[in-house]
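Inspection log for the structure reproduced underneath, given as structure tokens.
The values are calculated or read from the model by the stated rules, or taken from the named source; none is laboratory data. No experiment lies behind these values; they were computed from the predicted model shown. In this analysis, Cβ positions are derived from the backbone assuming ideal geometry, glycine residues included, and neighbour counts consider all displayed protein chains. Heads up: the accessible areas ignore ligands, DNA and RNA and are worked out on the full protein's heavy atoms, side chains in. Shrake-Rupley method; radii C 1.70, N 1.55, O 1.52, S 1.80 Å.
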Amino acid sequence: MSGAETAVRVLVVEDGAGLRRGIVTALRERSLEVVEESDGARALARLRAPDEAVFDVVVTDLRLPGADGIALLRAARERDADTAVLVMTAHGSVETAVEAMRRGAFDFLQKPFDLEQLEARIARAIEHGRLRREVSELRAERASGVGADRIIGSSLALTRALDLARRAAPVRSTVLVTGETGTGKELVAGLVHQASPRAKRPFVKVNCAALPETLLESELFGHERGAFTGADRLRIGRFEQANGGTLLLDEVGDLSPATQVRLLRVLQEQEFHRLGGREPIRTDVRILAATHRELERDVAAGRFREDLYFRLHVIRIHLPPLRERVEDLLALAEHFLARSCRELGRSGVGFTTAARERILSHAWPGNVRELRNAVERALLLADGDRVDARHFGIPDASARPGGVAPGASLDLEETERALVMEALRRTGHVQKEAARLLGVSRRKLNYMIQKLAITHPSWRRNRGSDPAPPSVA
Ligand SMILES: Nc1ncnc2c1ncn2[C@@H]1O[C@H](COP(=O)(O)OP(=O)(O)OP(=O)(O)O)[C@@H](O)[C@H]1O
Ligand SMILES: [Mg+2]
């Protein structure tokens, strides 16, 4: 889902106009995105501005008007530990250069230098940063399980949710993802991150319901060594780990009142303290939150802080339960079947019509997760290449639509018509799905629809009074 490679951003801070111009021109010729500043204070403000994208490399003079290079170094690394800072020093100020290296500068260059030297060091810094990022990306992916997951479904409800997720991606606003258990909240949160400019930065998740209050706070904010009994090492919290990236607060509705207060303060002030820490820590983190609870109800009942609620639900993405997007059922089932088959090295396995019926008629209270599990289990139970209704451990909820009652009409066309109508109704008149449900090709269904003169308002009419054959091509 990651788009085109984003340009490498470099901030050049140098008060000498001639040198600055030389550096900027040379770097732009290499297709780098370059921002220049001549004043230390202005550069500092830029590094701290929340809406300024993170820099991959900062090239700075040590002595500057407004603020010195060491302050810039600190600010850059606070903002993003992956930013490589290259310090330029005047001849003879080796001590300050050493100091800069001690504080985490990537490299230093003594003036005067030629631009080729500088370019070589920047290339090294970029390569270094790229590798670091790849590592943290892989780590985050492994931790979260996103990455390879595809989002399946074409229902209006899901399409809307995904569209909103993509629109929300580029901005920094908090997104609240709601929906019943197993509806894909985590998956959609992952999409927001992956479609955002932060895609290459960490995507960190915290399950707020999984930990007791005290542990959760240290999980979120970290702790200093000796902050409490047992804290024998400094611990970096999730907020710091997510720096430059995205933090998903999963099951946010389950936060304790005390943690709600702390979280609210962090969101307002954009800084926090590690437990037992005195120095405030600033991070650049985009917050996403998810919950299966109806937060409005919790707010009304006084269980969830209203102010925090408003902070979190700047953008709201709601995922309706699967029973309200029947159109997605078969596509999801086929997707999970194909995936499980791949994993098991089986091929050519498909659902019987009865299995499709069963899938479409079940209410799926556990939503997509339940469907996935049911398909996986059914495949294991099916020895041959047909997964049948009986392989699903779910009761037959439908009132036997295919059965023939003793006194019922045996008119073939009438029965055919009833079945086609029923299949269309169940699939929201999506013919592709209806054809699958009936176990016939789309061409065959199209033929039947024309023969039986079935129409529906959602199918475009044309050619005068003639009911148009709906296109299923
Ligand atoms: N539209 C979809 N396409 C493909 N897979 C999906 C889709 N929606 C959900 N899934 C899969 O279903 C499972 C459950 O999804 P997810 O964990 O995102 O749900 P959730 O809403 O966060 O659930 P919970 O409330 O229980 O935490 C996951 O394996 C996910 O990959
Ligand atoms: Mg979840």
Study note, to complete from the structure: Conditions (1) surrounded by fewer than 22 Cβ atoms within 10 Å (Cβ to Cβ); (2) aliphatic (A, V, I, L, M); (3) part of a helix (DSSP H, G or I) -> Ala199 fails only (3)
Exercise for review: Check whether at least one residue in the range 81-90 is buried (at least 17 other Cβ atoms within 10 Å of the Cβ), modelled with pLDDT of 85 or more and part of a loop (DSSP other than H, G, I, E, B), and report yes or no.
Suggested key: yes
Review point. Under the condition of being open to solvent by less than 20 Å² (accessible area, probe 1.4 Å) and more than 15 Å from ligand 1 (Cβ to nearest atom), which residue from the range 203-222 is farthest from Glu279 (Cα to Cα)?
Key: Val204
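Please verify whether Glu240 is among the acidic types (Asp, Glu) and in contact with a Leu (Cβ under 9 Å, 6 or more places away or on another chain), treating the condition exactly as stated. Give the derivation first.
Values: among the acidic types (Asp, Glu): yes; in contact with a Leu (Cβ under 9 Å, 6 or more places away or on another chain): no.
Criteria not met by Glu240.
Is it true that some residue in the range 236-250 is assigned to a helix (DSSP H, G or I), crowded, with 17+ Cβ neighbours inside 10 Å, without any contact (Cβ under 8 Å) to a residue 60 or more places away in the chain and touching a His at 6+ places or on another chain (Cβ under 9 Å)?
Looking through the range 236-250, none of the residues is assigned to a helix (DSSP H, G or I), crowded, with 17+ Cβ neighbours inside 10 Å, without any contact (Cβ under 8 Å) to a residue 60 or more places away in the chain and touching a His at 6+ places or on another chain (Cβ under 9 Å).
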**Study point:** Where Ala363 falls short, out of the listed (1) more than 16 Å from ligand 1 (Cβ to nearest atom); (2) out of contact with any Pro (no Cβ under 9 Å at 6 or more places or on another chain)
**Key:** (2)
Review point. For the subset of the range 43-67 comprising residues that are charged (D, E, K, R) and over 25 Å from Glu240 (Cα atoms), which member is surrounded by the fewest Cβ atoms within 10 Å (Cβ to Cβ)?
Key: Arg63
Exercise for review: Return the pairs, sorted by first residue and then second, in which the second residue is assigned to a helix (DSSP H, G or I) and open to solvent by 20 Å² or more (accessible area, probe 1.4 Å), the first residue lies in the range 431-458 and is touching a residue at least 24 places away in the same chain (Cβ under 8 Å) and acidic (Asp, Glu), the beta carbons are less than 9 Å apart, and the residues are 6+ apart or on different chains.
Suggested key: Glu433/Val326; Glu433/Glu327; Glu433/Ala331; Glu433/Arg426
Practice item. Working only within the range 251-278, note down all residues that are within 16 Å of ligand 1 (Cβ to nearest atom), in a helix (DSSP H, G or I) and either among the hydrophobic types (A, V, I, L, M, F, W, C) or open to solvent by 30 Å² or more (accessible area, probe 1.4 Å) (or both). Key: Val252, Asp254
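Conditions tested, residue by residue: (1) modelled with pLDDT under 70; (2) surrounded by 15 or more Cβ atoms within 10 Å (Cβ to Cβ).
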{"site": "Asp114", "(1), (2)": "no, no"}
{"site": "Leu131", "(1), (2)": "no, no"}
{"site": "Ala143", "(1), (2)": "yes, no"}
{"site": "Ile151", "(1), (2)": "no, yes"}
{"site": "Arg160", "(1), (2)": "no, no"}
Practice item. Would you check which residues across the range 167-185 are touching a Leu at 6+ places or on another chain (Cβ under 7 Å), within 15 Å of ligand 1 (Cβ to nearest atom) and open to solvent by 10 Å² or more (accessible area, probe 1.4 Å) and list them? Key: Gly184, Lys185
Review point. If you take the residues of the range 325-370 that are within 20 Å of Gly384 (Cα to Cα) and of a type in the set (Lys, Arg), which of them is most open to solvent (accessible area, probe 1.4 Å)?
Key: Arg342
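Inside the range 294-321, can you point out the residues that are over 20 Å from the mean Cα position of the chain (by Cα) and either open to solvent by less than 80 Å² (accessible area, probe 1.4 Å) or within 11 Å of ligand 1 (Cβ to nearest atom) (or both)?
To start, the set of residues in the range 294-321 that are over 20 Å from the mean Cα position of the chain (by Cα) comprises 294-310.
Passing the criteria: Leu295, Glu296, Asp298, Val299, Ala301, Gly302, Phe304, Asp307, Leu308, Tyr309.
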